[in-house]
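One structure is given below, encoded as structure tokens.
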Amino acid sequence: VAKRAGGNRLQIFSDDMRVAVRERLTAETRLRDALSGELNETLPVWFQPIVAADTGRIIGAEALVRLRTPQDDLLSPFHFIPAAEETGMIVALGEHVLREAVRRLDLWNDHFEYISVNVSPRQLAEPDFVPMLANVLSSHPSLDASRLVIEITETALLSTSIDVRERLLTIKSLGVRIALDDFGTGYSSLTWLQSVPADVVKLDRSFVAGLSADPRKTSIIQAVLWLARSLGMTAIAEGVEDQADWDALRELGCPSCQGYLFGKPTPPAEFATALHASLQAAR
Ligand code: C2E
Ligand code: MG
Ligand code: MG
Ligand code: MG
């Protein structure tokens with residue numbers, strides 16, 4: 001019986017493997033097709049509001065890419081970013097997202113402070129990354145570069161051979177700000193804080209969701225907020241989904257929040273509407 005069960009498990013395992021390989025190839029093909037299409041159609045860049053914790057007013061946005069299939073389905077980045085990274089297609093994809101984000105920032109000028117863009121390890125390590133970034137900014141000469149924020153995750157430090165600190169300093173010399181994304185989920189968070197010239201800490205949503213009912217989470221957030229403040233950095237709480245957590249964050253003095261409570265990622269037109277409403281409410 002044990003042997004048969006083992007045999008069955010093996011069968012299931014190899015089926016899983018087949019599914020994984022097929023999904024992987026599908027992701028790759030879809031990405032390749034999308035990159036040869038009209039990019040704003042095939043790889044739309046959506047925006048999620050970031051709000052001031054005290055007022056709930058929109059102060060910024062995170063650019064989040066989607067992939068539109070020929071069947072008009074929208075795929076989450078989790079389905080195609082890994083394939084993009086491994087194949088190198090992330091370079092073209094990343095440039096598209098950056099150009100679109102900066103274009104929107106310029107277009108929506110004066111209505112809010114910043115847009116942040118995710119940059120993955122492979123992108124950051126690319127020799128052409130900084131020249132590309134400088135080129136994108138030079139297309140918008142009147143834009144203040146500090147209104148662009150680059151989000152990097154802790155894995156970026158571990159998975160590339162380049163001198164990340166050096167690269168980030170070069171990026172900062174352009175005026176662009178740096179955010180540590182998903183902060184606290186890696187295993188070298190404090191090393192990061194010590195060595196990386198970042199401006200913003202984004203508290204991962206695993207510490208944020210359910211915060212108001214969990215004293216340990218509260219302590220952790222409180223400590224990270226204090227640490228960030230002492231290092232001259234600002235903080236954003238990710239994944240704020242309910243009022244009680246927002247209240248708790250406000251009480252802890254967290255400067256900014258992002259999460260479904262304030263708005264999901266939406267297409268640019270819808271984001272512009274939300275931005276407009278937020279400005280009206282402030283008057
Ligand atoms: P991230 O940078 O940590 O982005 C936040 C993710 O959390 C987004 O998922 C967002 O929709 C989701 N989120 C925001 N608020 C809430 C909330 O209140 N509750 C919950 N449950 N989730 C929330 P999304 O858009 O699926 O993106 C997933 C990840 O894909 C991002 O995580 C980022 O690492 C990556 N990604 C997205 N766009 C890009 C891109 O243009 N380039 C690169 N390299 N990576 C990207
Ligand atoms: Mg992010
Ligand atoms: Mg994040
Ligand atoms: Mg996250």
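Assorted remarks:
- A single entry from V176, V201 fulfils the requirement of being within 14 Å of ligand 3 (Cβ to nearest atom) and not charged (D, E, K, R): V201.
- Subset of the stretch 100-151 [open to solvent by 10 Å² or more (accessible area, probe 1.4 Å), within 16 Å of ligand 3 (Cβ to nearest atom) and of a type in the set (S, T, Y)]: Y114, S120
- Scanning the stretch 220-244 for residues that are open to solvent by 70 Å² or more (accessible area, probe 1.4 Å) and in contact with a Lys or Arg (Cβ under 9 Å, 6 or more places away or on another chain) gives a single hit, E241.
- Number of the exception - M17 against (1) touching a strand residue (DSSP E or B) at 6+ places or on another chain (Cβ under 8 Å); (2) not in a strand (DSSP E or B); (3) not acidic (D, E): (1)
- Test result for I59, over 30 Å from Q280 (Cα atoms), open to solvent by 30 Å² or more (accessible area, probe 1.4 Å) and not acidic (D, E): no
- Residues satisfying the stated conditions in the stretch 115-174, i.e. in a helix (DSSP H, G or I), out of contact with any helix residue (DSSP H, G or I) (no Cβ under 7 Å at 6 or more places or on another chain) and charged (D, E, K, R): E166, K172
- Checking each residue in the stretch 82-99 for being under 15 Å from the mean Cα position of the chain (by Cα) and crowded, with 20+ Cβ neighbours inside 10 Å picks out I90, L93, G94, V97, L98.
- Test for K172: is it open to solvent by less than 20 Å² (accessible area, probe 1.4 Å) and either basic (K, R) or at pLDDT below 85 (or both): no
- Residue count for the stretch 24-56, restricted to those that are part of a helix (DSSP H, G or I) and buried (at least 16 other Cβ atoms within 10 Å of the Cβ): 8
- Restricting the stretch 62-73 to residues that are assigned to a strand (DSSP E or B) and more than 16 Å from ligand 3 (Cβ to nearest atom), the residue that is most open to solvent (accessible area, probe 1.4 Å): R68
- Of all the listed residues (D199, D247, D181, D214), the sole one being within 26 Å of V130 (Cα to Cα) and either open to solvent by 30 Å² or more (accessible area, probe 1.4 Å) or away from ligand 4 (no atom under 16 Å from the Cβ) (or both) is D199.
The values are calculated or read from the model by the stated rules, or taken from the named source; none is laboratory data. The structure displayed is predicted, hence computed values, not measured ones. Note that each Cβ is placed from the backbone with ideal geometry, even for glycine, and that neighbours are counted across all protein chains shown. For the accessible areas, the whole protein counts, side chains as well, though only heavy atoms, and no ligand, DNA or RNA atoms are used. Shrake-Rupley method; radii C 1.70, N 1.55, O 1.52, S 1.80 Å.
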